[in-house]
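*Asks:* Here it is, the structure, as structure tokens.
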Amino acid sequence: MWKQFYSETGTMTRFLIRRDRIRFPIWIIVLSFITIVTATAFTGLYKSEEERQAIAETMKNPAMTAMVGPGYGLDHYTEGPMMAHQMLLFTAIVVAIMSILLVTRHTRTDEEEGRLELIRSLPVGRLSSLSATIIVLLTMNSLLAIIIGFGLYSLHIGSMDLEGSLLYGVVLGTTGIFFSAVTAFFAQVSSNARGTIGLSFTVLGISYLIRAIGDVSNETISWFSPLGWGLKTEVYVNNYWWPIGLTILFSIILIILAYYLNTIRDVGAGFISARPGRKHASRLLQSSLGLAFRIQRTSIMTWAIGMFILGVSYGSVFGDLELFFSSNEMVSQMLTPVEGLTLTEQFVSMLMAVISMISTVPALIFLFKLKGEEKQNRTEHLLTRAVSRYKLLGSYLFLSILMGFVMLCLATIGLWAAAASVMQEPISFSLLCKAAIVYLPAIWLMTGLGVFVIGVIPRFSGFAWLYLGYSFFVVYLGELLQFPEWMGNLSPFGHVPQLPVEEINYVSITLLTCISVVFMIIGFIGYRKRDIEG
């Protein structure tokens, strides 16, 4: 029985490693490098104890707690607690994203594209493919934990001892293992890769929101979030190991469920089956734009709800933020006052930068859906009809630009609505709109880069995602870690004026818009001339 289920698991494991011999090392090296470089940056960031305690006071505000988690060791804010407080949650989310994408690639995607059926025609056990995927991701996350743990300790920073450094790495590794298990489970439940990724990212997003709400209002709520478990370890302060056991326990349960569901379902099937379509197509499907919207409408609705909830979650802490500023004299003295603006309104610029970059994610997803359709040999059927390449690419581009705007607006509306309900003097809606809309040219530039990639270098679509990740890193952490100004200038979001604190710069906005148009034109020309690849 065991041989029947797990036959050739070792061979499958080696095959997966061989397939992703470049992808796996890149993930591990990049994550380890960023973590270690960030740790070294903290050593020279603040020269005195007074400066460290001053920044610790700003970290106590509810907005920062919602974004990066509760601060431990704020009374003695050395490099270790500073690193764990400001970087652990952010890095754990990236590790979770890595695990979700890799598990989906080697489970549901292989099944959807027929590769798994071909492999199963050979003397390979029913659970061998799933087992190989879990073994590879378990090994990869464990290796990442070891490299980061010993890498941080090797820096010989006083407050980063061996136990705390290893726990830091283990938190990241177990978070990756947990979301690997979540994705393996949803790979059995969903009937396609898109659904698997969507459900897995939904769990990740809900985990972040539950943790944010719990950390600000009620600590008990945070225990319902797997992201909150890692923060409960209080790395470099108390070094609690037992929350790791909670993460591992639920990971094992999800893996067992994934194994069971895999044994009782057919290849290619899922427990959430796709609904049968209509016998006759609607008029919406008579255009390429209507088709682009139809095949992504579920994803669009999901992202719309998620962005609105994200805005509400950030807006809900504005009441506590207002109280924090009014009661903390040190923070009030540290922040440079801006005439006509409250200290709470000055935080809007930071939140809008984060929200705008998150809004760019669905815009790129909707655009790169065209590349996915091409990979599945579906665009060839359209292009044999009276549909031009310009019209096809233009439909996805229009949908991407429109949805980028809609997602940004929904998050802004949610932010304003929640803030208005908890603040004594609500923030002006027009102020929030201006602070949000000014980021549209940066989103357009990222979209234009996506069009350029699709039209000229379709095999390097990951570059657009890497560039967005870089933008988030330098804009979100650039001021905190005092990165050189030129690093921020390499990102389009670094050229956007931070309203309402700064004056609007029409030159930079116009330049971003022009560059995005140039990228789009080159992309359209390239898409018109290149071969369609299956």
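The values are calculated or read from the model by the stated rules, or taken from the named source; none is laboratory data. Since the model is a prediction, treat every value here as computed from it, not as a measurement. All Cβ positions, even for glycine, are placed from backbone atoms using ideal geometry, and neighbour counts span all protein chains on display. Just so you know, the surface numbers come from the protein's heavy atoms only, side chains and all, with ligands and any DNA or RNA stripped out. Shrake-Rupley method; radii C 1.70, N 1.55, O 1.52, S 1.80 Å.
*Asks:* Mind telling me which of the residues Val203, Val171, Val216 ends up being open to solvent by 20 Å² or more (accessible area, probe 1.4 Å) and touching a residue at least 40 places away in the same chain (Cβ under 8 Å)?
*Replies:* Result of the check over Val203, Val171, Val216: Val216.
*Asks:* Tyr467: more than 18 Å from Pro441 (Cβ to Cβ) and open to solvent by less than 60 Å² (accessible area, probe 1.4 Å), yes or no?
*Replies:* No: the conditions fail for Tyr467.
*Asks:* Within segment 262-272, restricting attention to residues that are part of a loop (DSSP other than H, G, I, E, B) and over 15 Å from Ala193 (Cβ atoms), which residue is modelled with the lowest pLDDT?
*Replies:* Applying the filter and picking the extreme gives Phe271.
*Asks:* Assess whether Thr40 counts as being open to solvent by 20 Å² or more (accessible area, probe 1.4 Å) and under 28 Å from Ser349 (Cα atoms).
*Replies:* Taking the combined requirement at face value, the residue satisfies it.
A quick yes/no check of all residues on (1) free of Cβ contacts under 8 Å to residues at least 60 places away in the same chain; (2) buried (at least 19 other Cβ atoms within 10 Å of the Cβ):
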| site | (1), (2) |
| --- | --- |
| Glu50 | yes, no |
| Asn61 | no, yes |
| Met64 | yes, yes |
| Met67 | no, yes |
| Ile100 | no, yes |
| Val103 | no, yes |
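*Asks:* Residues being surrounded by fewer than 18 Cβ atoms within 10 Å (Cβ to Cβ) and either touching a Pro at 6+ places or on another chain (Cβ under 7 Å) or part of a helix (DSSP H, G or I) (or both): count how many of those fall in segment 447-464.
*Replies:* The qualifying residues number 5.
*Asks:* A further question on this structure: Residue by residue through segment 28-39, note down the ones that are more than 15 Å from Phe473 (Cβ to Cβ) and in contact (Cβ under 8 Å) with a residue 40 or more places away in the chain.
*Replies:* Ile28
*Asks:* Further, regarding this structure: When you go through (1) open to solvent by 40 Å² or more (accessible area, probe 1.4 Å); (2) more than 30 Å from Val30 (Cα to Cα); (3) more than 21 Å from the chain's Cα centre (by Cα) one by one for Phe405, which number turns out not to apply?
*Replies:* Only one criterion in (1) open to solvent by 40 Å² or more (accessible area, probe 1.4 Å); (2) more than 30 Å from Val30 (Cα to Cα); (3) more than 21 Å from the chain's Cα centre (by Cα) is unmet by Phe405, namely (3).
*Asks:* Mind checking which residues of segment 339-362 are closer than 13 Å to Asn61 by Cβ and either at pLDDT 80 or above or in a helix (DSSP H, G or I) (or both)?
*Replies:* Leu343, Thr344, Gln346, Met350, Leu351
*Asks:* Among the residues of segment 469-507, which ones are closer than 30 Å to Ser428 by Cβ, in a helix (DSSP H, G or I) and touching a residue at least 60 places away in the same chain (Cβ under 8 Å)?
*Replies:* Across segment 469-507, the qualifying residues are Ser471, Phe472, Val475, Tyr476, Leu477, Leu480, Phe493.
*Asks:* Can you tell me which condition Leu227 does not meet? The list is (1) buried (at least 22 other Cβ atoms within 10 Å of the Cβ); (2) not in a helix (DSSP H, G or I), and all the others hold.
*Replies:* Leu227 satisfies all of (1) buried (at least 22 other Cβ atoms within 10 Å of the Cβ); (2) not in a helix (DSSP H, G or I) except (2).
*Asks:* Hey, can you tell me all the residues within segment 478-493 that are farther than 12 Å from Leu445 by Cα and either touching a helix residue (DSSP H, G or I) at 6+ places or on another chain (Cβ under 7 Å) or modelled with pLDDT of 85 or more (or both)?
*Replies:* Gly478, Leu480, Leu481, Phe483, Met487, Gly488, Asn489, Leu490
*Asks:* Got a sec? Which of Ile413, Ile437 is touching a Ser or Thr at 6+ places or on another chain (Cβ under 9 Å), among the β-branched types (Val, Ile, Thr) and closer than 19 Å to Leu351 by Cα?
*Replies:* When all the criteria are applied, what remains is Ile437.
*Asks:* Right, something else. Enumerate the helices (runs of 4 or more DSSP H) found wholly within segment 1-114, keeping only those where 2 or more residues are within 30 Å of Ser191 (Cβ to Cβ).
*Replies:* 2-6, 9-19, 23-43, 79-106, 108-112
*Asks:* Collect the residues in segment 294-335 that are open to solvent by 50 Å² or more (accessible area, probe 1.4 Å), modelled with pLDDT of 75 or more and over 23 Å from the mean Cα position of the chain (by Cα), keeping them in residue-number order.
*Replies:* Arg294
*Asks:* Let me ask something additional. Tally time: how many residues in segment 147-168 are assigned to a helix (DSSP H, G or I), open to solvent by 10 Å² or more (accessible area, probe 1.4 Å) and free of Cβ contacts under 8 Å to residues at least 24 places away in the same chain?
*Replies:* Counting residues in segment 147-168 that are assigned to a helix (DSSP H, G or I), open to solvent by 10 Å² or more (accessible area, probe 1.4 Å) and free of Cβ contacts under 8 Å to residues at least 24 places away in the same chain gives 4.
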